[in-house]
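Participant: Here you go, one structure.
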Amino acid sequence: MRLLVIAILAVVLFFPLYWLFYFITGQEWTAWIAGVLIWIVFPIIMLKIWETEWRGRLVRILNYAIATMLLVLSAIYLYQSYSASESLSGPIGFFVFFGLPSIYYLFKGKFHINLKGGDET
């Protein structure tokens, strides 16, 4: 969950940082500076500051919402490709990588890959 929050914050904070450096460095270097600061430096700092995972009811609800959204998107992708008589290799791969783990999370309440050895929820 914290990785998702950090990624969203990086996208949101890119534009104010771009506007700030635009007046200081000009147009050519601004995107490079803002990009390096937001996509490399900001996540490193945030991961050092935010060492513990969030736990609780809100995190569980948001994880279920994300899993449901991924499952629905993979089903829509499969249906649209099937109804348009297109190749199903892309939608099937999308379903395998995103749909099946979502189904697993919705039924088991935890992620299928757990690197820490504890309960993810």
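The values are calculated or read from the model by the stated rules, or taken from the named source; none is laboratory data. A quick note: this is a predicted structure, and the numbers were derived from the prediction, not measured. FYI the Cβ positions are ideal-geometry reconstructions off the backbone, even for glycines, and counts take in every protein chain you see. Accessible surface areas use protein heavy atoms only, side chains included; no ligands, DNA or RNA. Shrake-Rupley method; radii C 1.70, N 1.55, O 1.52, S 1.80 Å.
Participant: At least 2 residues that are of a type in the set (A, V, I, L, M, F, W, C) and open to solvent by less than 70 Å² (accessible area, probe 1.4 Å) in each: list the helices (runs of 4 or more DSSP H) lying fully within the range 1-98 that qualify.
Facilitator: Per the criteria, 2-25, 27-36, 42-49, 57-83.
Participant: What are the residues in the range 99-121 that are open to solvent by 70 Å² or more (accessible area, probe 1.4 Å) and at pLDDT 85 or above, if any?
Facilitator: Residues satisfying the conditions are L100, Y104, F107.
Quick grid of which residues meet (1) over 28 Å from V96 (Cα atoms); (2) in contact (Cβ under 8 Å) with a residue 12 or more places away in the chain:
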| site | (1), (2) |
| --- | --- |
| L9 | yes, yes |
| F23 | yes, no |
| I66 | no, yes |
| L71 | no, yes |
| S74 | no, yes |
